[in-house]
């Protein structure tokens, strides 16, 4: 840039004054015969010459309009000659300070707040190659992923592009790895600033340096802990479809519903069952089941006749059942499920008691086992609530009730032979379901 015209005017006046002083100083020396530089050159010793190569001549060309303007500017800048050049070197600092306008002085840079830790310094001067790539790398509506120095850190968004002397104004934070969309770009001498927002939200919106944005999502390092956390609580193997069938195992306790049998068999009885279930559409199921019930107790009544008196003691009651049930189950065999079933059944009733018989005439005692066995028909119904604990396995609670047709004949010294009503009871047990795919 050419200096102002007033600078050349000041310098020309100073050069003229210096030339006048030098002429007045050198005039007496010439009259006294002092050797001038031209005289010294003429007194050079003969034989001091040597051959040197001729300098190459510059190519000739026709001066144009541009060259004429350049020549005029060069003449203006060199009009001072030798003395002006010397004076420029000595007084350049002084004249620059005096003649340069005060408004062109740059104030000292003001301190500014750095960005969040881990973010690249946007004021670091990039190389020319990086700046060219940075300018052409991003455009409005491009998508990118935020990057940080450490995984899990957040990136601060600014309200305006970062410039020298301007402090940061926080507009929000987004975690590293967030996908954002560019809505505005701003090119600075030190880099490119991008105004971004999340792709799935309208806020926060702010400026970041282009170095904090990547073109691909960050790679997640594989670790056993991360893999275990990513798996569901109960990983299920790939299946070809819903379960076709299942097997159910039941273990529990039960009691009689009839008052006479309940008083005799006060202790809870044993219940065990094994069933096969076939699953149909809509959650419907059907299948057979086979089970057994066992009770123990002590007889509460004696049995007298005109000849003998029977004293029953310890007694046992066993019920075997075979049922064909149908029902429905709610649930997708994953998590919580519940169901019900009901159907007809065939029961085998068997009662055994240790009886002591007294002869009323002679008083003789005789001890023997009194038994009663009979087949009868009835029905069963059950309700189940279970939870999936492993692929293809459910554990839950099952409540079941049964009713069997019965009419006592009063021929045996046993409690059930004197009951003239259907026998009933209920069971509560733990059920385990195994599904077949």
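The values are calculated or read from the model by the stated rules, or taken from the named source; none is laboratory data. Just so we're clear, the structure is a prediction, and the values are computed from it rather than from any experiment. Glycine also receives a Cβ, built like all others from the backbone with ideal geometry; neighbour counts cover every protein chain displayed.
Collect the residues in segment 312-348 that are surrounded by fewer than 18 Cβ atoms within 10 Å (Cβ to Cβ) and more than 54 Å from the chain's Cα centre (by Cα), keeping them in residue-number order. Scanning segment 312-348 gives 313, 314, 316, 318, 320, 346, 348. Is there a residue in segment 223-233 that is within 30 Å of residue 328 (Cβ to Cβ) and either at pLDDT 70 or above or exposed (fewer than 13 other Cβ atoms within 10 Å of the Cβ) (or both)? The answer is yes, given that some residue of segment 223-233 is within 30 Å of residue 328 (Cβ to Cβ) and either at pLDDT 70 or above or exposed (fewer than 13 other Cβ atoms within 10 Å of the Cβ) (or both). Within the option set 387, 375, being under 21 Å from residue 295 (Cα atoms), modelled with pLDDT of 90 or more and touching a strand residue (DSSP E or B) at 6+ places or on another chain (Cβ under 8 Å) holds for one residue only, 375. Got a number for residues in segment 287-311 being under 20 Å from residue 416 (Cβ atoms), within 53 Å of the chain's Cα centre (by Cα) and surrounded by fewer than 20 Cβ atoms within 10 Å (Cβ to Cβ)? Result for segment 287-311: 1.
Residue 351: surrounded by 12 or more Cβ atoms within 10 Å (Cβ to Cβ), in contact with a helix residue (DSSP H, G or I) (Cβ under 7 Å, 6 or more places away or on another chain) and under 22 Å from residue 269 (Cβ atoms), yes or no? Working first, answer last.
Working: surrounded by 12 or more Cβ atoms within 10 Å (Cβ to Cβ): yes; in contact with a helix residue (DSSP H, G or I) (Cβ under 7 Å, 6 or more places away or on another chain): yes; under 22 Å from residue 269 (Cβ atoms): yes.
Answer is yes for this residue.
Screening segment 357-370 for residues that are surrounded by 11 or more Cβ atoms within 10 Å (Cβ to Cβ) and under 14 Å from residue 305 (Cα atoms) and picking the one that is modelled with the lowest pLDDT gives 360.
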